[in-house]
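Report on the following structure.
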Amino acid sequence: MTQSNWRQIMPTAEAYWMNRVLYDIHHVDSHLQRYKADPDAYMAEVPLAAAMKAAIRDNDIGAMYLAGVNPLLLRAHCLGLRISEATFVASLRAVVHDSTGEASHG
C-alpha cells in the first residue's frame, strides 16, 4: 500500500471547493476579514453541501481532512485563525485510526 498524506488519489469537486475556500480566505486580500465577519455569508455562493460549509465554519479539522482538504491548507487555516497546534494535531489524530483501532501513519 502506498502511503500518502492525501485522503484521495484524485480530489473530488467537493474537496476542490473546500480547498479553494481555505486558500482564498488566507491568500486573497480582505477575504479573511470577510470570512471572520460572517462565514455563512462568505460561503453563500460556494457550491458545497451545508455539512461541508459547516465543517469549515466550525473549524472541524477532522471532517475537512476526511473530505479531502489539503493538509497544508488545513494547517494554514489553523494558523490564520490562531487555532493551536495541539488542537490541530489532536483533530487529525482523532480521525486517522483504521478499522482495527490502530493509528495509521501516512
- Task: State log₁₀ I(q)/I(0) for the stretch 13-95 at q = 0.19 Å⁻¹ as given by the Debye formula over alpha-carbon point scatterers of equal weight, solvent excluded.
- Result: -0.76
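With +1 on the Cβ of every Lys and Arg and -1 on the Cβ of every Asp and Glu, and nothing else charged, how large is the dipole of the stretch 27-89 about its Cα centre, in debye rounded to the nearest 20?
100 debye
Please list 61-72, 40-51 highest first by mean number of surrounding beta-carbon atoms within 10 Å per residue.
Result, highest mean first: 61-72, 40-51.
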- Note on the structure: Computed ³J(HN,Hα) along the stretch 74-86: with the Karplus parameters 6.51/-1.76/1.60, θ = phi - 60°, integer Hz and x for glycine or proline, the list is 4, 5, 4, 4, 4, 4, x, 9, 6, 7, 5, 4, 4
- Could you tell me the distance between the Cα centroids of the stretch 40-76 and the stretch 7-30, to the nearest Å? 8 Å
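Each value in this text was obtained by applying a stated rule to the coordinates, not by laboratory testing. None of the values given here were measured: they were computed from a predicted structure. Counting neighbours? That spans all protein chains shown, and the Cβs are built from the backbone with ideal geometry, glycine included.
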